[in-house]
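First comes the structure, then the notes that go with it.
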Amino acid sequence: MSYTPRERVMAAMNLQKPDRVPLMCQFSIGSMMQQLKPSPAEFWYDGELFALGLVELCNRFDFDGILVSLHGHSPDWRDKVISFKELEEGRQELVFEDRQELHSWTDLPMVKYFDKAALKNIDDIDIDNDVPDVIDYIPVSQNLYFKIDKDHPFDIFVFLREMVGNTYSIHGEITSPFDYLLDLLGYEQGLISLIMNPEKCKQILQKFTDGITKLAVEMCKYDIDAIKISSPFAGMGFISPEHYQEFVLPYESQFIKKVREAGKHVYIHTCGHIDDRLELMQLSGASGLECLDPEPVGNVDLKDAFNRIGDKMFIKGNIDSVNSLLYASNEKAEEDVLKIIETGKSGKGFILSTACSIAPMVTEERLHILSKLAESAGKYS
Amino acid sequence: MDNFIDRISISIQRGKIDANSPYPPDMKGEPGADELTREALQNGVAANDILTLAMIPAMGIVGELFKDKKLFVPQVLMSAKAMNSAMLHLKPYFTSGEIKQRGTFVIGTVSGDLHDIGKNLVSMMIEGSGWRVIDLGVDVKTERFIEAVQENPGCILGMSALLTTTMESMEKSVRQVRSNYPSQRILVGGAPLSKEFAFRIGADMYAPNPQVAVEYINSIA
Ligand code: B12
């Protein structure tokens, strides 16, 4: 039986084996820019352009699904721009009332606030006023927030479905409450506060979780198949398994439950070293895990991960985007990816993907190898 | 004296800053690195002994445990805070020359890269092993690295990069520093790097974690 790309991804997420291993990587903004060379600021702000880019990349590289890493684009974004300067090809400077932004083909926008308020001390945080009831921003990177337009929070999913029909699997993305906490306090104060002021951290986390749950439940009303939870600070590079159990698991579990009740899949993206907490992550009730970075960026052995959690969760990932795609020779890249396909095939639910996002400078030719190998070596017979 | 040395060492290892600090819970109300260092000095313990017998070995133990993933970033940050509270009492002895640092370590995250969590941990651990640390911050241009090397003859230079795109800036900075100062010691680190990459771009050493960095710079000091 032949499967559509969407059916292929759905089968893997349902822990079944489709015709072949599905392929779906997430692009970093830098890699989208490198591949598409769009007007960088417009690509960032204009939802339709962003959606067109996502579809183009999915088609170009024969992926089976599309991850929508930004949502809530405002159709009126230009109204707030005070000046828009073309610095050179692929580099633009935008000035807003409160900030200057540099958009380029190499990376995420770099933002400078003219007068940014200093981070508040945790003791001075007033939960009612300082932690929003409605989540209207995505903390993308240091100083970089993507504002969610409250009148158009999920338009992008509509554009995408209009463009691709039923062909591809479409996934949304939600940021973990733990990330919002560290963003609010700054990572150093945030991590120290887990120790010095755990109760206040939990109150803040709960308020964020309430807002995020509402956002996730609303997102589930759209024609998506899954939500990815971005939770990059929850691994061994940052916190102990005990802290994971105390400050990450109880909060992520709350909205995972709601997403599952809404009939959608949900998977956790925690990059880096996570080998010591795979079972804890499974306790969250999520349907899958993404990343599973191999050595040296992480410490997960794919086979072992399947043995430990593969009966209950699908796995998406495991290709080292730097050492296997960017810097390796063609032979090594193919060898590494083939090995992952072989191991992945022996598990129940598997989606071939880069562990973290595709590094910006990975070439087009290299990315084509992925679909070629998924097709030639990924068949379930 | 041994009593003070041991207690300061334990305060640093456990991240006990001062008597008011609630962490760790089993040391609540007890004096921390701050009070103990002050008292030790008042009781005639030599500043140099506090540095070399208590602080440096304590941070070494923290570094080992962090390397082995038995301690995590929050605990390391607490130990570094405890160490800093002790260090404040030793500052006058550094200024007077009664105690000497092992040397100067200059560190920065390379141009275009804003990741600083790893770099900051490396700085803390190297400071805790008895070095003066000059932190140039993030997004450091090659010229700034060169200036810092010029201003601090004999220093060891550390660079951090977390992005594949900025590994290129690292290569550029290393090569430029090297061409101006051929014998400059350069140490590099950051998650996507490898030993091969470090040697290819002309760095002297790649350290995957702060403990390896500490061992390396102490071995060449
Ligand atoms: C935290 C983080 C951020 C934070 C940084 C906050 C801050 N103040 O540092 C924010 C949100 C700002 C951020 C932004 C971006 N990030 Co980021 N980020 C991470 C993350 C989650 C953790 C990095 C970290 O701090 N680790 C913990 C510390 C303790 O470990 P470490 O940095 O490796 O440092 C240790 C060693 O490497 C070593 N070391 C480090 N430096 C040095 C230096 C010397 C001299 C020595 C001896 C040793 C040494 O010692 C440290 C302690 O053991 C990683 C993913 C991951 N989980 O690893 C991605 C990651 C590094 N980021 C990534 C990317 C792509 C980005 C962005 C482009 C946006 C994005 N996410 O798409 C922007 C770029 C911004 C910019 N221009 O720099 C990628 C990099 C891929 C690649 N290799 O190209 C990663 C791997 C995630 C991914 N694949 O998507 N990021």
Nearest 10, in degrees from 0 to 90: the angle of helix B:117-128 to the longest Cα principal axis of chain B is 50 degrees
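Hey, what did chain A get for relative contact order, percent, Cα under 8 Å, at least 6 apart?
Numbers: 740 pairs, mean separation 80.7, N = 381.
Here the relative contact order equals 21 percent.
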Computed about the Cα centre, the charge dipole of segment B:2-96 from +1 Lys/Arg and -1 Asp/Glu charges at the Cβ has a magnitude in debye, to the nearest 20, of 340 debye
In segment A:171-196, accessible area falls by at least 20 Å² from chain alone to full assembly (1.4 Å probe) for A:TYR187, A:GLU188, A:LEU191, A:ILE192, A:ILE195, A:MET196
In segment B:2-96, taking the dipole from +1 charges on Lys and Arg beta carbons and -1 charges on Asp and Glu beta carbons about the Cα centre, the listed residue (B:ALA46, B:ALA33, B:LEU71) farthest towards the positive end is B:LEU71
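For segment A:213-320, what is the accessible area per residue in Å² when the probe is 1.4 Å? Mind showing how you got there, number by number?
Details: 3570 Å² over 108 residues.
For segment A:213-320, the solvent-accessible area averages 33 Å² per residue.
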Bridge orientation stat for the protein assembly as shown from DSSP, antiparallel percent rounded to 5, came to 30 percent
Note on segment B:74-117: residues buried by at least 40 Å² of accessible area once partner chains are added (vs chain on its own, 1.4 Å probe) come out as B:PRO74, B:LEU77, B:MET78, B:LEU114, B:ILE117
Once the dipole of chain A is set up from charges on Cβ (+1 Lys and Arg, -1 Asp and Glu), the residue from the list A:LEU23, A:ASN129, A:VAL68 lying farthest towards its positive end is A:LEU23
Note on segment A:213-245: residues buried by at least 30 Å² of accessible area once partner chains are added (vs chain on its own, 1.4 Å probe) come out as A:MET236, A:PHE238, A:SER240
Honestly segment B:104-219 on the Cα gyration tensor test (a ≥ b ≥ c root eigenvalues; a/c under 1.5 rounded, otherwise a/b vs b/c for prolate or oblate) is just rounded
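For segment B:104-219, with all protein chains present and a 1.4 Å probe, just round the carbon and sulfur fraction of the accessible area to a whole percent.
Values: 2290 of 4400 Å².
Answer for segment B:104-219 is 52 percent, counting heavy atoms of protein chains only.
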In a Gaussian network model of chain A with springs linking alpha carbons closer than 10 Å, the residue among A:PRO296, A:PRO360, A:PRO153 that fluctuates most is A:PRO296
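What percent does the relative contact order of chain B come to when contacts are Cα pairs within less than 8 Å and at least six residues apart?
Values: 378 pairs, mean separation 38.3, N = 221.
Answer for chain B is 17 percent.
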Probe 1.4 Å, protein heavy atoms only: A and B together bury a total accessible area in Å², to the nearest 100, of 2300 Å²
P(r) of the protein assembly as shown over all Cα-Cα pairs, 10 Å bins starting at 0, rounded to whole percent, reads 3, 16, 25, 27, 18, 8, 2, 0, 0
Sorted by chain and number, the residues with a modelled amide H under 5 Å from that of A:PHE314, at a separation of 5 or more or across chains, are A:GLY288, A:LEU289
Dipole check, the protein assembly as shown, charges on Cβ (K,R +1; D,E -1), about Cα centroid: among A:GLN206, A:PHE314, B:VAL138 the Cα furthest to the positive pole belongs to A:PHE314
Using a 1.4 Å probe on heavy atoms of the protein chains only, the accessible area for A:LYS37 in Å², nearest 10, reads 100 Å²
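In debye, nearest 20, what is the charge dipole magnitude of the protein assembly as shown about its Cα centre with +1 on Lys and Arg Cβ and -1 on Asp and Glu Cβ, if you could check?
Values: 61 positive and 86 negative charges, 217 e Å.
The calculation lands at about 1040 debye.
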Over segment B:2-96, with neighbouring protein chains present, the accessible area per residue in Å² at probe 1.4 Å is 43 Å²
Segment A:93-250, Kirkwood Rh and Cα Rg, ratio Rg/Rh at 0.99
So the carbon and sulfur contribution to the accessible area of segment B:2-96, 1.4 Å probe, in percent, is 51 percent
At the level of C-alpha centres, the distance separating segment A:147-205 and segment B:61-96, in angstrom, is 33 Å
From most to least accessible, 1.4 Å probe, no ligand or DNA/RNA atoms counted, A:LYS200, A:LYS258 line up as A:LYS258, A:LYS200
Relative contact order in percent for segment A:145-245 (Cα pairs under 8 Å, 6+ apart) equals 43 percent
Which residues qualify? For B:ARG102, with a placed amide H closer than 5 Å and at least 5 residues away or on another chain, they are B:TRP131, B:ARG132
Restricting to lysines and to Cα separations under 18 Å from A:LYS202, and discarding same-chain partners fewer than 8 apart, the set is A:LYS120
In degrees rounded to 10, the 0-90 angle between helix B:210-220 Cα long axis and the longest Cα principal axis of chain B is 80 degrees
Rounded to whole angstrom, the alpha-carbon centroid of segment A:53-68 lies from that of segment A:94-132 at a distance of 31 Å
Percent antiparallel among DSSP beta bridges confined to segment B:104-219, nearest 5, equals 0 percent
For chain B, longest principal axis from Cα atoms; helix B:142-151 axis from its Cα atoms; angle between them, nearest 10 degrees, is 50 degrees
Between the alpha carbon centres of segment A:328-366 and segment A:281-323 the gap in Å comes to 13 Å
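Measuring with a 1.4 Å probe in the full set of protein chains, what accessible area per residue, in whole Å², belongs to segment B:104-219?
Values: 4400 Å² over 116 residues.
Dividing the accessible area of segment B:104-219 by its residue count gives 38 Å².
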Spelling it out for A:SER28: with amide H atoms placed in the peptide plane at 1.01 Å from N, the residues 5 or more places away or on another chain with amide H under 5 Å from its amide H are A:ILE358
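Roughly speaking, to the nearest percent, how much of chain A's 1.4 Å accessible area is carbon and sulfur? Before the final figure, lay out each step's value.
Numbers: 7450 of 15080 Å².
Reported share for carbon and sulfur atoms: 49 percent.
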Highest GNM mean-square fluctuation among A:HIS73, A:HIS269, A:HIS368, for chain A with Cα springs under 10 Å, belongs to A:HIS368
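The values are calculated or read from the model by the stated rules, or taken from the named source; none is laboratory data. The structure presented is a predicted model; accordingly, all values stated were derived computationally and were not measured. Cβ coordinates were reconstructed from backbone atoms using ideal geometry, including for glycine residues, and neighbour counts include every protein chain displayed. Surface areas here come from the heavy atoms of the whole protein model, side chains and all, with no ligands, DNA or RNA. Shrake-Rupley method; radii C 1.70, N 1.55, O 1.52, S 1.80 Å.
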